[in-house]
Amino acid sequence: MSKETVFTDLIREHQALLYKVTSVYTDSKLDQEDLFQEVVYQLWKYFDSFRQDSKITTWMYRVAMNTAITHLKKKKRRPDVQPIAEVLIKQSDSKDEVYEERLRLLYKHLHHLNTLDKGLIFLVLEGKSYNEIAQITGLQASNVGTRISRIKKKLKTNMTNS
């Protein structure tokens, strides 16, 4: 099987993962599509350098999040965007009003977190263990636990005061 076929199959298999990462770091559908393309490009660019020291998804998360953070830094220079909560609610298949309102509130507060904290909470919401998060972010597992605890406390405080 050719390198291109293997890569294409990998992207197809894990495109939901990539769309989730891009949705956390963008505020509009157009920006999300741009970032998705950039992430795929970066994955292709470094595909040969994947050493299989970790799971392929761990590597993909790391590349996607680093690309997203770089994209976010560039984006700060041109801040005319639609809020992330609106984009995600529009994409949601759920018609549950209470669920949608809670989701809107959560993403409103997530939007105010710094770049690293957004990524950490995203990975927690994805069900990643502290060790997996440490591998993806390059932080120590104990540091991940401490940071996540502080972020959860901050979100809880902010959300209950809203």
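Please treat every number below as a calculation from the coordinates, not as lab data. Computed from a predicted structure; not experimentally measured. Here Cβ is always computed from backbone atoms with ideal geometry, including for glycine, and neighbour counts include all displayed protein chains.
The table below lists the values:
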{"quantity": "Among 5-16, 119-130, the order from most to least packed when residues are scored by Cβ within 10 Å on average", "calculated": "119-130, 5-16"}
{"quantity": "Distance violations [Cα-Cα > 28 Å] among K128/K154; K128/K153; K45/K118; K29/K153", "calculated": "K29/K153"}
{"quantity": "Hypothetical label at N114: residues of the stretch 133-162 whose amide nitrogen lies under 17 Å (7 Å Cα-Cβ projection)", "calculated": "137-140, 143-155"}
{"quantity": "Scaled radius of gyration (Cα, divided by 2.2 N^0.38 Å) that the chain gives", "calculated": "1.08"}
{"quantity": "R0 of 22 Å, Cβ-Cβ distance I69-A141: FRET efficiency to nearest 0.05", "calculated": "0.60"}
